[in-house]
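Report on the structure given below.
Where a number appears in this text, it was derived from the coordinates with a stated rule and is not lab data. The structure displayed is predicted, hence computed values, not measured ones. Cβ sites come from the backbone with ideal geometry, for glycine too, and all protein chains shown count toward neighbours.
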Amino acid sequence: MSSIPTYVPGHGLLRGKSVLITAAAGAGIGFSAALRAAEEGCRALMISDIHEGRLQEAALKIREATGLDQVYTRECNVTVEEQVRALVAAAERDLGGVDVLINNAGLGGSRLLLEMSDEEWQRVLDVTLTGTMRMTRAMLPAMIERRAGVIVNNASVLGWRAQKEQSHYAAAKAGVMALTRCAAVEAAEHGIRINAVSPSIALHDFLRKSAPKELLDQLAAREAFGRAAEVWEVANVMMFLASDYSSYMTGEVLSVSSQRA
């Protein structure tokens, strides 16, 4: 197993930009992306989640770690259209316009297809795929009016790769990939870019609670580096896609993995 690399300092990739991120409380990819956005010099940040307490803790951590004063919070359940619309309206107002939207909200789980209920299937797709669609649909009008903006979606290698007990999650993430490509074509004529990251396995507390340790160890061992990704390694690629360094990329899905060929 290779050692974990040294944390990469910010290089001002998002200097002067405003950023809105869903599912950014806790210790997962969303929080790491929010912290990285602040470290990369964003001028203002809004983080959203369904957990108010963890949301406030996350905002405080970002302020203390980076010195960014303009860190806003708002509760939002991406399965509720009214809350999605209210989140986008609040971000447009408080951030003075949203330059970057990172759609991180997603829901997983493990269940054999034969044992899966309609409710389980629909819940995973509603949060992971339809939630991403709702946020994108709500955000596009303001970005189109400005003829500028970037959207970064969080997909998964399971959108490409088969794994037992993941039919609902894999289908949702494959849908995120397809949504990314199709929405990007529509948005391009308005000067807006839409791309996605596709992580393999990035360990964080929520994942450790939702999957058996034996399975996580097995999946990590399959990686070429023999380890899972750190959440900030995924967030780094999100920052690249959010920045002007990826100005000619749209409709792309970047795999953030060390998969064997």
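Using Cα positions and a limit of under 19 Å, work out the lysines in reach of Lys213, with same-chain residues fewer than 8 apart set aside.
Lys164
Tell me the relative contact order for the chain as a rounded percent, counting alpha carbon contacts under 8 Å between residues six or more apart. Please list the in-between numbers first.
On the way: 521 pairs, mean separation 53.1, N = 261.
Over the chain, the number comes to 20 percent.
What is the dipole size for region 18-256, taken about its Cα centre, with +1 at each Lys and Arg Cβ and -1 at each Asp and Glu Cβ, in debye to the nearest 20?
Values: 24 positive and 30 negative charges, 58 e Å.
Computed about the Cα centre, the dipole is about 280 debye.
Round to a whole angstrom and tell me the spacing of the C-alpha centers of region 1-20 and region 61-93.
Spelled out, the Cα-based centre of one part sits 21 Å from the other.
Rounded, prolate or oblate for the chain? Axes are the square roots of the Cα gyration tensor eigenvalues, ordered a ≥ b ≥ c, and the cut-off for rounded is a/c under 1.5.
On the way: a/c = 1.45, a/b = 1.26, b/c = 1.15.
The shape class here is rounded.
Hey, in the GNM for the chain with a 10 angstrom Cα cutoff, which one of Ile21, Ile194, Ile50 fluctuates hardest?
Ile50
Would you grab the residues whose amide H sits under 5 Å from the one on Asn103? Only those 5+ places off in sequence or on another chain, please, with H modelled 1.01 Å from N.
For Asn103, whose amide H was placed from the backbone, the distant partners under 5 Å are Val152, Asn153, Asn154.
When the Karplus curve 6.51 cos²θ - 1.76 cosθ + 1.60 is applied with θ = phi - 60°, which whole-Hz ³J(HN,Hα) does each residue of region 190-201 get, with x for Gly and Pro?
In residue order, the calculated couplings are 9, x, 10, 10, 10, 9, 9, 9, 9, x, 8, 9 Hz.
Between beta-carbons, use under 15 Å as the cut-off and find the net charge around Asn195, counting Lys and Arg +1, Asp and Glu -1. Walk me through the intermediate numbers first.
Values: positive: Lys173, Arg181, Arg193; negative: Asp99, Glu186, Asp244, Glu252.
With Lys, Arg at +1 and Asp, Glu at -1, the neighbours total -1.
Summing -39500 (n - 2.57) over the DSSP H runs of n ≥ 4 in the chain and dividing by its residue number, what mean residue ellipticity at 222 nm do you reach, to the nearest 500 deg cm²/dmol?
Numbers: 9 runs with 114 residues, N = 261.
Taken over the chain, the calculation gives -14000 deg cm²/dmol.
Report, in order of residue number, the helices in the chain meeting two criteria: a C-alpha extent of 27 Å or more along the helix axis, and a mean Kyte-Doolittle hydropathy of at least 0.5; treat each whole DSSP H run as one helix. Mind dumping the intermediate values first?
Values: long enough: 167-188 (31 Å, 0.66).
Going by DSSP H runs, the hits are 167-188.
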